[in-house]
Structures are given as C-alpha cells and as structure tokens.
Amino acid sequence: MRLARIGIFMLLAAAGVVIGLLQTEATAQEPVDAAMIARIRAEGLDHSAASDLFYTLTDVLGPRLSGSPAYDKAARWALDRFRQWGLANPHLEPFKFGPAWTLEKFTLEMTAPRYMPLEGYAAAWSPSTTGVLTGTPVYVGDSTIEEIDALGSRLRGAIVLTARPQTEFLRKDRPEPSEGAGPVQTGNPPFPGPSSRTPQREILARLQRYGAGVALAPSATQHGTVRVQGNRETSPDAVPTLVLAAEQYNMLVRLAKAGQPLKLRVEVGARFTQDRLDSDNVLAEIPGTDPVLKDEVVLVGAHLDSWHTATGATDNADAVSAAMEAMRILAALHASPRRTIRVALWGGEEQGMVGSRAWVAQHLGDQAARDRIAVYLNDDPGTGKTYGFYMENNAAAKQIFDAWLAPLTDLGMRRNVIEGIGSTDHVPFVQAGVPAFTTIKDFENYDVRTRHTNADFADAVKIEDVRQSAVVLAVFAWQAAMRDQRIPRTH
C-alpha cells in the first residue's frame with residue numbers, strides 16, 4: 001500500500017512538472033513588443049503628465065459626487081484633455097442617474113458644557129435642516145420603538161443621537177493579493193454599522209414621522225477618520241443625516257446619558273438640482289488600423305466619480321489619472337494599434353456601477369457586440385503601484401498577462417492572481433461574457449483610512465506610483481491591441 005501511494009505521489013509530481021513546463025512554454029510563446037514597451041516607458045517616466053492630471057483632479061476639481069455639478073465639471077475637463085491630445089471621437093455619453101446634490105453650508109458644534117467644533121459630515125443627498133438648529137440632543141440609541149413613539153412631539157425639530165457609542169471598528173486593511181504565491185481572498189472587508197436597540201432604518205422612519213430636525217450617527221472608523229456615503233434615492237422630506245467621528249460621537253452620548261448640560265448647534269445647507277437627471281461617462285479612442293481587427297476594441301477605464309467629504313484621491317483620482325495618462329502616452333508616441341484602444345471614465349460607480357452598467361446595456365446587447373470588445377482593463381481598488389491583475393478565473397488569459405507582466409517587474413509588477421474581485425466597473429463586462437480584469441493595488445491604509453472617508457486627499461498618493469500604473473496600462477493595452485487573437489473567453 002505504501003509503495004502504491006509513493007507511486008501515485010510520483011505520478012502527480014511528474015504531472016505537475018509537465019503542466020508547469022507547458023504553462024512556461026505558453027507564456028514564452030506569447031509575443032512581447034520590447035521596442036514599444038521601451039518607448040512607452042521612456043514617455044511615461046521621463047515626460048509624464050500624471051502629476052498635472054492628478055493634482056488637477058484632486059486639488060482643483062475636488063470631490064466628484066456622481067451627478068453633481070462638480071462631477072460634470074470634471075467630466076468636461078477630461079473631455080477637453082482628450083481633445084488636446086488628439087484622441088478620436090471624444091464625447092460624453094449620458095445615462096439615467098437622478099437629482100444632483102451639492103453641499104453649500106455646514107455647521108456642527110458643541111456649545112455646552114464648553115465650545116468645541118465637531119468632526120462630522122452630511123450624508124450625500126441629505127436634505128437641508130430648517131435653518132440653524134440649537135438645543136440639547138435626544139439620545140435614542142438604547143430606546144425601543146415604543147419608547148421612541150412615546151417621545152412624540154419632543155422629537156419635532158430635535159437633534160437626535162440615533163446610535164449607541166461605537167465600539168466596533170474596521171481596524172485592518174484587506175490582505176495584499178500580489179504577495180506570496182498561493183490562493184488569495186479578495187473583496188471589501190465587512191464594515192460595522194452603528195449599533196442601536198431599534199434598527200436604524202426604523203429609527204429614521206420614526207424621526208421622519210415626528211419631524212425631527214437632524215439625525216446623528218457615528219462612523220466605524222477610528223482616530224478622526226469619518227466614512228460617509230449616502231443614498232441618491234433619499235426622500236426630500238427625510239430627516240437630514242450626519243455622520244460624526246466616533247470618538248466625538250461617543251463623547252456626546254456619554255454627556256447626554258450623564259445628564260450634563262449638553263447643547264449642539266447644527267446647520268446643513270444642501271442644494272438639489274432636478275433640471276437634469278442624467279450623468280455622463282467620458283469616452284475617447286485611438287482608432288485601430290488593421291483592416292480586419294480595427295473594429296475590435298481594447299477598453300481601458302476607471303471611475304471618475306468619488307464621494308464628497310475629501311477629494312477622492314485614492315478612490316479614484318489616481319486610477320483616472322493613470323488611465324488618462326496611458327492614453328496620452330500612446331497618443332504622444334503616435335501609436336497605430338491594430339485594434340482600437342478606447343478609454344472610458346465611468347460615472348456612478350459608487351452607487352452600484354451605474355455608468356458602466358448603462359454602457360454595457362446600451363452597447364453590448366448582442367453577442368456580436370460583445371465579441372468586438374477584445375478586453376477591458378480596469379483600474380480601481382486600492383492605491384499605489386499596479387502589481388498585477390485579478391484574472392477572474394481565466395487561466396488562459398492569465399498565461400498571456402503573465403508574459404506581459406514579465407518585462408515590467410523592475411517597475412514593481414509582481415504577479416497576476418487567478419481569483420476575481422467584485423464591486424468595480426469591470427464586473428458588468430464579466431457578467432456580459434467579456435474578458436475584463438482590474439488592477440491589483442496596495443491596500444495599506446486604504447480600507448481603514450482613505451476609502452470613502454474624509455482622509456482621501458492627494459497626500460495619500462505617491463505620484464511616481466501613478467506614473468508606473470499609467471505605463472502598465474499603456475503596455476497592456478498596446479499588447480492586447482496588437483496580438484493576432486482576442487483575449488480568450490471563459491464563457
């Protein structure tokens with residue numbers, strides 16, 4: 001029996017060696033355009049426009065909430081850049097989104113038992129308060145629905161602390177997928193919600209019924225980091241909602257429960273715009289030149305929108321800058337790809353990939369249209385250098401991408417992982433049967449500090465990493481546009 005087991009193990013080991021050799025041979029047979037890679041590297045590293053693109057997006061244009069006038073301004077700016085670089089067919093493509101929201105005024109202060117400005121933000125699409133609200137907050141975090149109902153008229157116009165003190169926090173970033181050699185776990189880490197005896201949804205419904213002035217809740221991030229999102233379907237007569245730094249919110253609850261003379265001053269001034277309920281994706285391209293392949297498209301993209309409390313640097317101005325710079329590099333080199341290389345900057349990603357889903361629904365409705373997309377290269381989750389791609393369980397494509405990665409290891413590329421990842425704009429393409437892959441980036445301080453928070457400023461990004469990512473995208477787009485066959489499909 002022992003000899004039989006040894007024989008089986010030897011056969012399995014031999015089979016593994018054969019498979020490894022076949023994979024190595026397949027990788028070696030994939031052509032790599034060394035001369036063009038050298039030109040892309042020289043242009044992208046020695047003559048980069050990444051710094052100008054990135055700091056304009058973050059410092060000048062600032063937060064780009066989907067559908068807002070700020071987002072529209074950023075979209076027009078990107079469109080102008082594409083025109084300046086001589087890209088073909090630069091245009092905006094509208095998709096249905098909803099009302100625009102802009103925060104125009106905000107005050108959040110403790111005035112007793114002493115004065116203290118508080119760190120908090122209005123949730124996106126939160127209505128305005130009815131002027132300045134002042135008074136002692138009402139704490140309902142430990143209240144039953146019956147106890148909230150019993151407050152009745154006391155809630156009208158009140159400042160309400162809706163949750164218990166926050167004790168659960170997101171304390172650890174997700175693992176870096178490119179490190180090591182084995183299987184990896186991908187996806188967003190779970191984010192703790194506010195804790196209350198009555199579910200938050202029911203509390204907010206009761207506060208709306210009784211005409212509460214504003215609802216306060218804590219963030220589940222630490223050390224003054226405030227993670228704030230919002231719901232574009234928020235009713236105009238909903239209770240205005242604020243999210244506070246957990247440490248300050250917890251202090252307010254302790255003061256309220258201790259019966260201290262706690263008083264707050266709050267004002268939210270928000271503007272809704274109903275005259276245009278669309279938002280836009282931004283597209284441009286370098287036309288293909290091969291008579292047979294020019295109608296096929298290599299798509300490069302990132303989402304242009306961000307949340308509203310910072311400037312959307314790591315999520316996702318660094319990736320937008322890299323995608324734009326990749327196209328600038330190719331245009332500056334007067335590249336003549338066999339296939340068309342198209343860039344797409346998506347809107348509405350943070351609300352569920354609204355822009356990319358709309359584009360897929362409009363343009364990829366039949367198999368012939370889907371077949372014309374040779375590959376989609378997306379840049380989003382994480383920040384820092386590009387280390388590789390999530391390969392969506394497409395082993396054949398991984399062999400090709402491994403060959404393209406090899407000449408870029410000195411720039412920091414590590415490995416492509418076979419696993420996939422969700423929650424970003426390549427997903428609608430994968431669901432449509434198109435080979436689509438997104439970049440692997442660093443996650444240090446991304447989940448716990450910058451993603452969807454008030455800390456997502458330009459200082460969290462190294463501009464040399466944006467330059468590197470742009471070179472990677474340009475190289476992979478060029479290789480995909482020049483090979484004889486499209487990237488293999490899995491279905």
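The values are calculated or read from the model by the stated rules, or taken from the named source; none is laboratory data. These figures come from a predicted structure and were not determined experimentally. As a convention, Cβ positions derive from the backbone with ideal geometry for all residues, glycine included, and neighbour counts pool all protein chains shown.
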Residue tally, condition of a type outside the set (Ser, Thr, Tyr) and surrounded by 11 or more Cβ atoms within 10 Å (Cβ to Cβ), over segment 180-191: 6
Complete set of residues in segment 215-229 that are buried (at least 18 other Cβ atoms within 10 Å of the Cβ) and touching a helix residue (DSSP H, G or I) at 6+ places or on another chain (Cβ under 9 Å): Ala215, Leu216, Ala217, Pro218, Ser219, Ala220, Thr221, Thr225, Val226
Members of segment 444-491 found to be more than 18 Å from Thr56 (Cα to Cα), of a type in the set (A, V, I, L, M, F, W, C) and out of contact with any strand residue (DSSP E or B) (no Cβ under 8 Å at 6 or more places or on another chain), listed by number: Val448, Val471, Ala474, Val475, Met482
Residue match in segment 425-440 (condition: at pLDDT below 95 and of a type in the set (A, V, I, L, M, F, W, C)): no
Scope segment 462-491; condition touching a Gly at 6+ places or on another chain (Cβ under 8 Å), within 27 Å of Glu350 (Cα to Cα) and surrounded by 18 or more Cβ atoms within 10 Å (Cβ to Cβ); matching residues: Asp465, Arg467, Gln468, Ala470, Val471, Ala474
Residue that is of a type in the set (Asp, Glu) and at pLDDT below 95, where the choices are Asp275, Asp295, Asp290: Asp275
Among residues of segment 396-421, those that are under 16 Å from Arg486 (Cβ atoms) and out of contact with any strand residue (DSSP E or B) (no Cβ under 8 Å at 6 or more places or on another chain), counted: 6
Filter pass, Ser128 being surrounded by 14 or more Cβ atoms within 10 Å (Cβ to Cβ), among the small types (Gly, Ala, Ser), closer than 24 Å to Glu233 by Cα and not assigned by TED's automatic domain parsing to the domain that holds Trp307: yes
Any hit, segment 154-170, residues being part of a strand (DSSP E or B), of a type in the set (Ser, Thr, Tyr) and crowded, with 18+ Cβ neighbours inside 10 Å: no
Those residues of segment 453-491 which are assigned to a helix (DSSP H, G or I) and either closer than 18 Å to Phe443 by Cβ or acidic (Asp, Glu) (or both), in sequence order: Asp459, Ala460, Glu464, Asp465, Val466, Gln468, Ser469, Val472
Options Thr409, Thr311, Thr340; residue that is among the β-branched types (Val, Ile, Thr) and over 25 Å from Val32 (Cβ atoms): Thr311
Selection status of Gly86, surrounded by fewer than 19 Cβ atoms within 10 Å (Cβ to Cβ), assigned by TED's automatic domain parsing to the domain that holds Gly352 and in a loop (DSSP other than H, G, I, E, B): yes
Pairs where the first residue, in segment 453-478, is without any contact (Cβ under 8 Å) to a residue 40 or more places away in the chain and the second is part of a helix (DSSP H, G or I) and surrounded by fewer than 21 Cβ atoms within 10 Å (Cβ to Cβ), C-beta under 9 Å, 6+ apart: Glu464/Leu45
Residue within segment 128-149 that is within 28 Å of the chain's Cα centre (by Cα), in a loop (DSSP other than H, G, I, E, B) and closer than 24 Å to Ser423 by Cα present: no
Filter result for the condition that a residue is under 22 Å from Ala332 (Cα atoms) and touching a residue at least 40 places away in the same chain (Cβ under 8 Å), over Gly269, Gly288, Gly312: Gly288
Search result, residues across segment 275-300 that are aliphatic (A, V, I, L, M), over 12 Å from Arg372 (Cβ atoms) and buried (at least 20 other Cβ atoms within 10 Å of the Cβ): Val282, Leu283, Ala284, Ile286, Val300
Near pairs, Cβ below 7 angstrom, 6+ apart or cross-chain, from segment 67-80 (closer than 15 Å to Leu283 by Cβ and at pLDDT 95 or above) to any residue that is in a helix (DSSP H, G or I) and among the hydrophobic types (A, V, I, L, M, F, W, C): Ala74/Leu57; Ala74/Leu61; Trp77/Leu61; Ala78/Met324
Counted residues, segment 53-72 - those being surrounded by 14 or more Cβ atoms within 10 Å (Cβ to Cβ) and charged (D, E, K, R): 2
